[in-house]
Structure formats: C-alpha cells, structure tokens
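Q: Here it is, the structure, as structure tokens.
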Amino acid sequence: MDRPKLRPVEAVPVRQGGRVYVQIYDPARLSDKLLIVPQPMMFLLAHFDGAHTIVDIQAALLRQFGELVHSDRLREIIRQLDDALLLDSEHFRQHVAAVSEEFRACPVRPPASAGAAYPAEAAPLAETLDGYFRAPGGPGLPGRAGAEASLTGLIAPHIDFHRGGPCYAHAYKAVAEHCPAELFIVLGTAHFARGALYILTRKSFETPLGTMPTDAALADALAKRYRRKPFDEELVHKTEHSIEFQVVWLQHVLRGRRAILLPILCGAMDERVGDNASPRDVPEIADFLAALRDVVRESGLSACTVAGADLAHVGRQFGDEFDLTPQVMTDVEQADRALLAHVEARNADAFYDALRVDDNARHVCGGPPIYTLLATTNATTCRLLDYRQATDYEAQRAVTFASLALYG
C-alpha cells in the first residue's frame with residue numbers, strides 16, 4: 001500500500017503520566033479497535049490521505065522532525081492500521097462486505113447501544129427512563145392520555161441518555177399523553193452515511209424492552225415510489241444510535257400499545273443542495289419528500305413523525321479554534337433559539353437557510369431529519385418543550401439539543 005488513506009476516525013486527546021496522547025477509534029464501529037498514540041504521531045497520520053506516497057511521507061517527517069523514518073517502519077505502521085480496519089483498503093472493503101451480508105441476513109436490527117449507553121435489562125432500563133421524568137428539570141411522569149390535542153410530529157435529542165435524559169422525557173411525555181398514532185416514522189441522523197440522502201431498512205428494532213415491528217411493506221412501497229436505491233447503505237443502520245434511542249423511548253411510553261415503525265436515516269444534504277434556493281430544488285430530496293407523504297397517506301394509518309436530532313456541536317474537540325467559555329455558550333443558545341424559531345413556525349426552507357447562512361458554523365448535525373419532518377408535516381402548531389446544553393469546559397466540547405412537539 002504505497003498511498004495509505006486513513007478512514008474517518010475520531011481523535012481524542014488524553015493525558016497519561018503528564019504526557020498527551022491521542023485515542024483513535026472508528027465512530028462508525030466497523031472496527032472495534034482503540035489505538036492510543038503519542039500526540040506527535042498525528043502529524044504522520046495527517047499524511048495518510050491517499051495522496052502522499054511513502055516517499056512523500058518520509059520527506060515530510062524529515063522536514064518536520066529532522067529524522068529519516070525508514071520505509072520498513074512506515075510499512076509496519078500501515079500494516080497495524082490496516083489490521084485494525086482503520087485504513088481505506090481492500091482489507092477493509094472485504095470486511096464491510098462480510099458484515100453487510102451478515103446484517104442483511106439478520107431478521108431484526110439488534111440493539112447496538114444496550115449495556116453501554118443504557119441498561120441492557122428491561123427492568124433497570126425502565127427504572128432509568130422513569131427517573132428522567134422525575135429528575136430536576138424533568139416534566140414529571142406522564143398522566144393519562146388525553147384527546148384535547150393530537151401529536152403528529154416530535155423532535156427529540158439523540159445525545160446519550162446520561163446527558164439528555166430529562167430533555168427526552170419532555171418529548172416523550174407528549175407522546176404518552178397526546179399521540180394516538182399507529183405508525184411512527186422515525187427520522188434519524190445518519191452520522192456515517194457514505195453519500196446516501198435517505199437510508200431505509202425493513203428490519204424491526206430490538207431493544208431490552210422488546211421488538212418494535214417495522215412495516216416492511218411500507219418501506220418497500222416507499223423505495224419503489226422513490227425510484228432510487230435507499231437500501232444500498234442499509235449497513236449504516238447497524239450501529240447508528242439516532243433511531244435506536246427513539247425506539248427505546250417509544251417502547252417505554254407506549255407501554256405495550258400496538259404500534260409500527262418506519263425507520264429512515266437521513267444523510268447530509270449540503271453538497272447536493274449547493275447553491276440551490278432550497279433542498280426541494282434537488283430531485284433526490286424532492287422525490288423522497290413526495291414519496292414519503294404519498295405512501296403514508298395511502299397507508300391509511302394515523303402517523304407521527306419523530307426526528308432524532310441534536311443541535312450544535314462546538315469546542316476544540318469538534319474542530320473549533322476558539323476556547324469554550326460561558327459567553328460562547330450564551331451566544332450559541334441565542335443562535336440555537338433563533339434557529340428553533342423557524343422550526344416553531346414550521347418553515348422548512350427558513351430553517352435550512354438559517355443553517356447555511358454561516359456555513360453551519362455550529363456543526364448542527366440534526367439538520368436533515370428536522371428539514372425532512374418540516375417539509376412533510378401537516379401540523380398546524382409547534383411548541384418548544386425544552387432546550388439544554390451539555391457543556392464540558394475541561395474537554396472543550398459542548399452539545400446542545402431540544403425537544404419540540406408538533407400538533408394538528
């Protein structure tokens with residue numbers, strides 16, 4: 001491998017014994033390896049971009065450090081990274097093909113985050129989720145279902161429950177009390193899509209609370225109406241948490257009530273939209289929005305659309321070059337609330353324009369599912385239920401998120 005190319009990885013600085021190291025891992029979890037390397041090695045890895053040859057890399061290291069690293073040593077590092085499935089290589093592609101085949105053969109989508117992001121047993125999980133309703137700032141446990149309003153849409157976080165639990169509780173209390181839907185269309189953020197705008201699966205979702213059935217016939221009808229290939233990147237569903245977390249909460253608040261699922265992962269839109277006035281001007285997006293509206297209407301099922309979507313990701317850990325301070329987070333909140341005002345107005349294009357006016361400088365990852373919800377909803381009102389920030393000044397990272405309910 002003469003031009004090594006590192007796959008998209010997460011690099012997290014850590015301190016050990018007074019020295020700085022970097023943890024490197026695959027956020028898509030196609031590799032389960034965790035590497036810890038000295039910080040100076042990041043200079044080397046930055047040149048594993050598929051463009052630099054081994055000779056190029058040797059020359060760059062010599063200029064930077066004044067020392068020649070022999071090609072045998074570089075090839076050994078390349079071999080170790082390839083063995084860890086962290087390089088874009090034939091070995092990695094063979095692994096993906098095998099994992100894809102295994103996932104396609106699985107009758108359900110097993111829980112990817114049970115035992116890590118939330119308890120793996122039903123009773124402790126239910127107790128944990130109830131605790132978020134009762135937590136300070138939580139909404140209190142749901143009351144009896146009422147008929148005074150019909151919830152048709154929901155925006156909830158997809159951050160881990162430890163940081164976002166009470167915000168989830170605000171969202172799912174609305175489901176428990178105001179949502180008679182038979183079908184839940186769950187739009188998740190596809191953090192690791194390889195170019196797909198929308199990714200479908202026919203698989204039902206299994207969690208410690210049971211299995212929520214997916215309407216496979218409806219998924220097939222949507223794919224047929226869309227006239228493209230939304231199952232091609234189905235493997236992304238295997239480890240993506242943004243839908244799984246919503247399913248856990250739905251199962252908890254529905255308390256055994258019969259309901260079916262239509263899971264849809266939403267990929268990044270920015271490159272496809274480009275200079276177009278609206279995402280609706282892009283055929284691949286407009287056709288999907290129309291197909292989704294049509295197949296849901298023709299199903300005759302009462303439906304609620306859920307967008308699992310976080311907001312801003314700011315701080316040095318997310319690539320920002322400024323220090324995270326309370327004033328920065330105040331400014332972020334102001335910008336977030338201005339963005340959410342467009343959601344409350346149910347204006348999909350104004351929401352998208354607000355994201356791109358500064359080139360999405362706050363790294364809002366929930367844009368595609370929120371846009372898709374807003375562009376397909378018939379809701380007449382939308383209300384902000386809760387807004388929060390999970391800020392770690394020491395680690396220089398912050399994630400913001402909110403819950404909103406759409407009625408009508």
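The values are calculated or read from the model by the stated rules, or taken from the named source; none is laboratory data. Just so it is clear, the structure is predicted and the values come from calculations on it, not from any experiment. Cβ placement follows ideal geometry from the backbone for every residue including glycine, while neighbour counts extend to all protein chains displayed.
Q: Looking for whichever is over 28 Å from Ala181 (Cα atoms), in contact (Cβ under 8 Å) with a residue 12 or more places away in the chain and among the polar types (S, T, N, Q) here; the options are Thr391, Thr381, Thr372. Which one fits?
A: Details: Thr381 fails: over 28 Å from Ala181 (Cα atoms); Thr372 fails: over 28 Å from Ala181 (Cα atoms).
Selected residue: Thr391, the only one of Thr391, Thr381, Thr372 that is over 28 Å from Ala181 (Cα atoms), in contact (Cβ under 8 Å) with a residue 12 or more places away in the chain and among the polar types (S, T, N, Q).
Q: Next up: Can you list residue pairs whose Cβ atoms sit under 6 Å apart, with the first residue in the range 158-173 being free of Cβ contacts under 8 Å to residues at least 60 places away in the same chain and the second being assigned to a helix (DSSP H, G or I)? Count only pairs 6 or more apart in sequence or on different chains.
A: So the pair list comes out as Gly165/Tyr132; Ala169/Tyr132; Ala169/Phe133.
Q: Among what's in the range 134-179 and is touching a Phe, Trp or Tyr at 6+ places or on another chain (Cβ under 9 Å), assigned to a loop (DSSP other than H, G, I, E, B) and not hydrophobic (A, V, I, L, M, F, W, C), pick the residue that is farthest from Ser113 (Cα to Cα).
A: Restricting to residues being touching a Phe, Trp or Tyr at 6+ places or on another chain (Cβ under 9 Å), assigned to a loop (DSSP other than H, G, I, E, B) and not hydrophobic (A, V, I, L, M, F, W, C), the top hit is Ser150.
Q: If only one of Glu240, Glu244 is touching a Pro at 6+ places or on another chain (Cβ under 8 Å), among the charged types (D, E, K, R) and modelled with pLDDT of 95 or more, which one is it? If you could, list the steps in order and put the result at the bottom.
A: Details: Glu240 fails: touching a Pro at 6+ places or on another chain (Cβ under 8 Å).
Result: Glu244 is the single residue among Glu240, Glu244 that is touching a Pro at 6+ places or on another chain (Cβ under 8 Å), among the charged types (D, E, K, R) and modelled with pLDDT of 95 or more.
Q: Taking the residues in the range 1-38 that are assigned to a loop (DSSP other than H, G, I, E, B) and of a type in the set (A, V, I, L, M) as candidates, determine which candidate is nearest to Ile54 (Cα to Cα).
A: Here is the first cut: in the range 1-38, the residues assigned to a loop (DSSP other than H, G, I, E, B) are 1-4, 7-9, 17-18, 26-33.
Restricting the remaining residues to those that are of a type in the set (A, V, I, L, M) gives 1, 9, 28, 30.
Details: Met1: 9, Val9: 21, Ala28: 27, Leu30: 26 Å.
Step by step, filter the range 1-38, then rank; the result is Met1.
Q: What residue, among those in the range 190-209 that are touching a helix residue (DSSP H, G or I) at 6+ places or on another chain (Cβ under 6 Å) and not in a loop (DSSP other than H, G, I, E, B), is nearest to Val108 (Cα to Cα)?
A: Phe205
Q: If only one of Leu250, Leu311 is in contact (Cβ under 8 Å) with a residue 40 or more places away in the chain and either assigned to a loop (DSSP other than H, G, I, E, B) or surrounded by fewer than 24 Cβ atoms within 10 Å (Cβ to Cβ) (or both), which one is it?
A: Leu311
Q: To continue, here is another question. Is there a residue in the range 270-291 that is within 19 Å of Thr377 (Cα to Cα) and polar (S, T, N, Q)?
A: yes
Q: Restricting attention to the range 378-407, and to residues there that are modelled with pLDDT of 95 or more and among the small types (Gly, Ala, Ser), which single residue is nearest to Glu321 (Cα to Cα)?
A: If we take residues in the range 378-407 being modelled with pLDDT of 95 or more and among the small types (Gly, Ala, Ser), then Ala398 is nearest to Glu321 (Cα to Cα).
Q: For the range 85-114: of the residues being in contact with a Pro (Cβ under 9 Å, 6 or more places away or on another chain) and not aliphatic (A, V, I, L, M), which is nearest to Asp26 (Cα to Cα)?
A: That would be Asp88.
Q: Would you confirm whether or not the range 192-200 contains a residue that is of a type in the set (Phe, Trp, Tyr), more than 24 Å from Glu102 (Cβ to Cβ) and either out of contact with any Leu (no Cβ under 7 Å at 6 or more places or on another chain) or surrounded by 20 or more Cβ atoms within 10 Å (Cβ to Cβ) (or both)? Spell out the reasoning first.
A: Residues of the range 192-200 that are of a type in the set (Phe, Trp, Tyr), as a first pass: 192, 198.
Still in the list and also more than 24 Å from Glu102 (Cβ to Cβ): none.
No, there is no match, as no residue in the range 192-200 is of a type in the set (Phe, Trp, Tyr), more than 24 Å from Glu102 (Cβ to Cβ) and either out of contact with any Leu (no Cβ under 7 Å at 6 or more places or on another chain) or surrounded by 20 or more Cβ atoms within 10 Å (Cβ to Cβ) (or both).
Q: When Asp358 is evaluated against the numbered criteria (1) in a helix (DSSP H, G or I); (2) surrounded by fewer than 19 Cβ atoms within 10 Å (Cβ to Cβ); (3) of a type outside the set (Lys, Arg), which criterion, by number, is the only one it fails?
A: (1)
Q: Filter the range 133-164 down to residues that are surrounded by fewer than 21 Cβ atoms within 10 Å (Cβ to Cβ) and within 17 Å of the chain's Cα centre (by Cα) and give me whichever is farthest from Tyr371 (Cα to Cα).
A: His162
Q: Looking at (1) closer than 30 Å to Ala112 by Cα; (2) in contact with a helix residue (DSSP H, G or I) (Cβ under 6 Å, 6 or more places away or on another chain), which one does Ser71 not meet, given that it meets all the others?
A: Condition not satisfied by Ser71: (1).
Q: Quick one: would you say Ser242 is assigned by TED's automatic domain parsing to the domain that holds Pro166, closer than 28 Å to Pro166 by Cβ and of a type in the set (Ser, Thr, Tyr)?
A: Values: assigned by TED's automatic domain parsing to the domain that holds Pro166: yes; closer than 28 Å to Pro166 by Cβ: yes; of a type in the set (Ser, Thr, Tyr): yes.
The answer is yes for Ser242.
Q: Picking from Leu35, Leu44, Leu61, Leu30, which residue would you name as being surrounded by 13 or more Cβ atoms within 10 Å (Cβ to Cβ), among the aliphatic types (A, V, I, L, M) and more than 19 Å from Asp83 (Cα to Cα)?
A: Numbers: Leu35 fails: more than 19 Å from Asp83 (Cα to Cα); Leu44 fails: more than 19 Å from Asp83 (Cα to Cα); Leu30 fails: more than 19 Å from Asp83 (Cα to Cα).
Exactly one of Leu35, Leu44, Leu61, Leu30 is surrounded by 13 or more Cβ atoms within 10 Å (Cβ to Cβ), among the aliphatic types (A, V, I, L, M) and more than 19 Å from Asp83 (Cα to Cα), namely Leu61.
Q: Failed condition for Ala84, given (1) of a type outside the set (Asp, Glu); (2) over 30 Å from Arg255 (Cα atoms); (3) in contact with a Leu (Cβ under 7 Å, 6 or more places away or on another chain); (4) touching a residue at least 60 places away in the same chain (Cβ under 8 Å), with all others met?
A: Every condition holds for Ala84 apart from (4).
Q: Do the conditions hold for Gln334, that is, is it in contact (Cβ under 8 Å) with a residue 60 or more places away in the chain, among the polar types (S, T, N, Q), assigned to a helix (DSSP H, G or I) and surrounded by fewer than 22 Cβ atoms within 10 Å (Cβ to Cβ)? Please lay out each step first, then the result.
A: On the way: in contact (Cβ under 8 Å) with a residue 60 or more places away in the chain: no; among the polar types (S, T, N, Q): yes; assigned to a helix (DSSP H, G or I): yes; surrounded by fewer than 22 Cβ atoms within 10 Å (Cβ to Cβ): yes.
Answer is no for this residue.
Q: Could you figure out which of (1) over 29 Å from Ala190 (Cα atoms); (2) without any contact (Cβ under 8 Å) to a residue 60 or more places away in the chain isn't true of Leu34?
A: Unmet for Leu34, out of (1) over 29 Å from Ala190 (Cα atoms); (2) without any contact (Cβ under 8 Å) to a residue 60 or more places away in the chain: (1).
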